[in-house]
Amino acid sequence: MQTQEAIKTYLLKKKSNTKLDIFLFLSEHRFFITTQYLADHFHMSESNFLLYIKELEQDFERLNLTELNFEGIDPAYCYYRLFGRYCNESVSYEILTSLFSCQTNSIISLSQQTNYSASYLYTKMKKINAFLALYGLSVSFSNNGRKSFSGKEVQIQYAALDIYWNIFSSTATDFYDEEPQVVAFMMNTFFKKEVLDRLNSG
């Protein structure tokens, strides 16, 4: 399973996935299609479909994108802007990125960082671990609540970088305005050579 599909399957909300699918379908079929046909295609009522379209238009507006009319827009750029936004709004993605943080060393610190109760976080861990298993990783908490990653450090680094890269590399990253030498220095400082080699050959 490719990283982006895995993110959609394990981390994004069902509604976000549906909005992405609707956007992709409309961007690939730029001719007149009745609302009823589209509603049937996505297995929902016409009124529900129109609600999805309204939400997509609002998402476009929040991202300062051109109106949802596909005139003079780059569909791929718009898709990844939406994809990034939906990831940032995803509870599972928020929990996952907090798990990668060095400051998160227990279920209590995870709860403090995300503002979710420990019991709620435990319910989300099954799906998050199913996602991490694709990288050969898993996260568990001991009886006293201490966080434990199973897997090698290089796997953890690769997973963190691969996830971020697949979500944000097609739009803007933290290094968007930096010189190439600065980016190279940062990458080589914080990531092992094996991680960078795997990304370059992937």
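Structure above, values below:
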read-out	value
Phi-based couplings in Hz for the range 125-136 (Karplus 6.51, -1.76, 1.60; Gly and Pro marked x)	5, 4, 6, 5, 5, 5, 5, 5, 4, 5, 9, x
Out-of-range pairs (alpha-carbon distance over 21 Å; input LYS19/LYS54; LYS8/LYS124; LYS13/LYS147)	LYS13/LYS147
Stretchable slack from GLU194 to HIS43, in nm (0.36 nm times residue separation minus alpha-carbon distance)	49.9 nm
For SER106, distant residues with modelled amide H under 5 Å away	LYS147
Heavy-atom accessible area ranking, 1.4 Å probe, most first, across MET1, MET44	MET1, MET44
Solvent-accessible area per residue, Å², over the range 3-57 with all protein chains present [probe radius 1.4 Å]	58
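The values are calculated or read from the model by the stated rules, or taken from the named source; none is laboratory data. Predicted model only: the values in this text are computed from it and were never measured. Ligands, DNA and RNA are stripped out before the accessible areas are found, and what is left, the full protein with its side chains, is counted by its heavy atoms. Shrake-Rupley method; radii C 1.70, N 1.55, O 1.52, S 1.80 Å.
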